[in-house]
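Engineer: Structure provided below as structure tokens; questions to follow.
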Amino acid sequence: MQNFVGLMALIAIAALLVWSGFCAWQVRHSFLKWGGVGLAAVLALAVTSISALTITGMIKQHTRRAPVPDLKVEATPERIARGKALVDGFCSACHSKSGTLTGGLDIGKDFPIPIGSFVSSNLTPTGALKHWSDGEIFRAIRNGVDAEGHWLTVMSYTNAGKLSDDDIQAVIAFIRSLPAAGAQTPDPPDQVSLLGVVMLGAGMLPSGKPVVTSSVTAPPKGPNVQFGEYILSYQDCRECHGENLAGGVPGQMAPLGPDLNLVKDWKLAEFLATMRTGIDPNGHELSEKMPWRPIGRMDDDELDAVYEYLTHRPDPDAPNVTNTSNHDDRNR
């Protein structure tokens, strides 16, 4: 609603500038006449352009679509346990600010530009999810679209959609097992500012990861390169550390992360300690913007798999090429 009011204000200002130019045209003094008309025309063009970008951005906010899968998740003990592990090691970074999945973290405060407020939702029965079907929750995780068909901006920016079908269902099973807790959070959770809408209209903000309608599978869990690659596909490491994990680049939305090739110089025990204490082998504290706490909650096999992947990449410029690993005891 605020952005609609802002758009109306911009249109009114553009109209006022056009009227001002018309008034300037009536002036007899040639310098004042052409100066006034020129200034009014330039300003009217600028405001009109911003209005057009605002309209484009508002349209983009409502164009993301994804189907709702027809599913009913069976809450087995094994599935709930797997869901808890995924929540602890991934989802909790944003959704467990003051309690398990109670939300309340405004992720927008970490963006370098004030493009809006993006508050992580309360996913317990205190929040709106108690009214959602399992398929609607699945769609929100996979494609960043809520039960009402609204674009979940930040969710669509994350790699949560790369979780396998089985793992998303495990998260749903765990969410359904939680008691109500915490306070209600904004619904919808995203409030894009007028600046954010203009930037979206200008193509300066991403419109989210591509919608995925196919099935996603994961390799068997184990301390190996393949499973490590899977973990790094859904963890958002590349948002900070770069597409090739060789360091962030200026201009990205997330904080600049270092080149992760440095892990090749660490022993496995040092990597595990770093992820669980926030202090690297050289005694440096990891940035608080680095979600090392939830990552450190992953079990030994998962962290070992990440370590295997990071230390067995032969080409930093092609990290998506999976290499076999015999999981030897090198540097352990």
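Each reported figure results from applying straightforward, stated rules to the coordinates on display, with no laboratory input. Just so it is clear, the structure is predicted and the values come from calculations on it, not from any experiment. Cβ placement follows ideal geometry from the backbone for every residue including glycine, while neighbour counts extend to all protein chains displayed.
Engineer: So which residue, out of Leu303, Leu286, Leu32, gets the largest mean-square fluctuation from a GNM of the chain using Cα contacts under 10 Å as springs?
Structural biologist: Maximum fluctuation in the GNM of the chain, among the listed residues, is at Leu32.
Engineer: So what is the calculated 222 nm ellipticity per residue for the chain, using -39500 (n - 2.57) for each DSSP H run with n of 4 or more, over all residues, to the nearest 500 deg cm²/dmol?
Structural biologist: Values: 13 runs with 147 residues, N = 332.
Mean residue ellipticity, 222 nm, calculated: -13500 deg cm²/dmol.
Engineer: Order 234-247, 116-129 from most to least packed using the mean count of other Cβ atoms within 10 Å.
Structural biologist: Values: 234-247: 19.1, 116-129: 21.8.
The most tightly packed comes first, giving 116-129, 234-247.
Engineer: If you average the C-alpha positions of the range 18-87 and of the range 186-206 separately, how far apart do those two centres end up, in angstrom?
Structural biologist: 7 Å
Engineer: Over the C-alpha atoms of the range 77-192, what are the Rg and the largest Cα-to-Cα span, Dmax, in Å?
Structural biologist: Rg, Dmax (Cα atoms, Å): 13.2, 43.
Engineer: Cβ under 13 Å from Gly196's Cβ, Gly196 left aside: what net charge do those residues give with Lys, Arg +1 and Asp, Glu -1? Could the numbers behind the result be given before it?
Structural biologist: Values: positive: Lys60; negative: Asp190.
That works out to 0.
Engineer: Below 8 Å between Cα atoms, with a sequence gap of 6+, how large is the relative contact order for the chain in percent? Each step should come with its number before you reach the end.
Structural biologist: Values: 561 pairs, mean separation 57.3, N = 332.
The normalised contact order for the chain reaches 17 percent.
Engineer: How charged is the neighbourhood of Met253? Take every other residue with its Cβ under 14 Å from the Cβ of Met253, and add Lys/Arg as +1 and Asp/Glu as -1.
Structural biologist: Numbers: positive: Lys109, Lys209, Arg238, Lys289; negative: Asp110, Asp236, Glu239, Glu243.
Within the 14 Å Cβ shell, the charges total 0.
Engineer: Would you list, by chain and number, the lysines whose Cα falls below 17 Å from the Cα of Lys130, excluding same-chain residues fewer than 8 positions away?
Structural biologist: By straight Cα distance, Lys130 reaches Lys72.
Engineer: Once you list every other residue whose beta carbon is under 12 Å from the beta carbon of Val68, what net charge do they have if Lys and Arg are +1 and Asp and Glu are -1?
Structural biologist: On the way: positive: Arg65, Arg139, Arg142; negative: Asp70, Asp134, Glu136, Asp146, Glu148.
Net local charge, Val68 excluded: -2.
Engineer: In which sequence would Met253, Met298 go, from the one with the fewest C-beta neighbours within 10 Å to the one with the most? Kindly include the intermediate steps, with their values, before the conclusion.
Structural biologist: Working: Met253 14, Met298 22.
Ordered by Cβ neighbours within 10 Å, fewest first: Met253, Met298.
Engineer: Given the peptides 270-277, 81-88, arrange them by the average over their residues of other C-beta atoms within 10 Å, most packed first.
Structural biologist: On the way: 270-277: 17.5, 81-88: 19.5.
Those peptides, ordered most packed to least, come out 81-88, 270-277.
Engineer: On to the next question. Going through the DSSP H helices of the chain, which span 27 Å or more along their own axis at the Cα atoms while scoring at least 0.5 as a mean Kyte-Doolittle hydropathy?
Structural biologist: Details: long enough: 2-25 (35 Å, 1.72); 30-60 (44 Å, 1.42).
Long hydrophobic helices here: 2-25, 30-60.
Engineer: Return P(r) of the chain (all Cα-Cα pairs; 10 Å bins starting at 0; whole %; ordered from short to long distances).
Structural biologist: 5, 22, 28, 21, 11, 6, 4, 2, 0
Engineer: Quick check: residue separation of His62 and Ala183 times 0.36 nm, minus the Cα distance between them. What number comes out in nm?
Structural biologist: On the way: separation 121, 0.36 × 121 = 43.56 nm, distance 2.77 nm.
Full extension of this stretch gives 40.8 nm more.
Engineer: Around Val145, which amide H atoms from residues at least 5 apart in sequence, or from another chain, sit under 5 Å from its own amide H, with H modelled in the peptide plane?
Structural biologist: Ala140, Leu152
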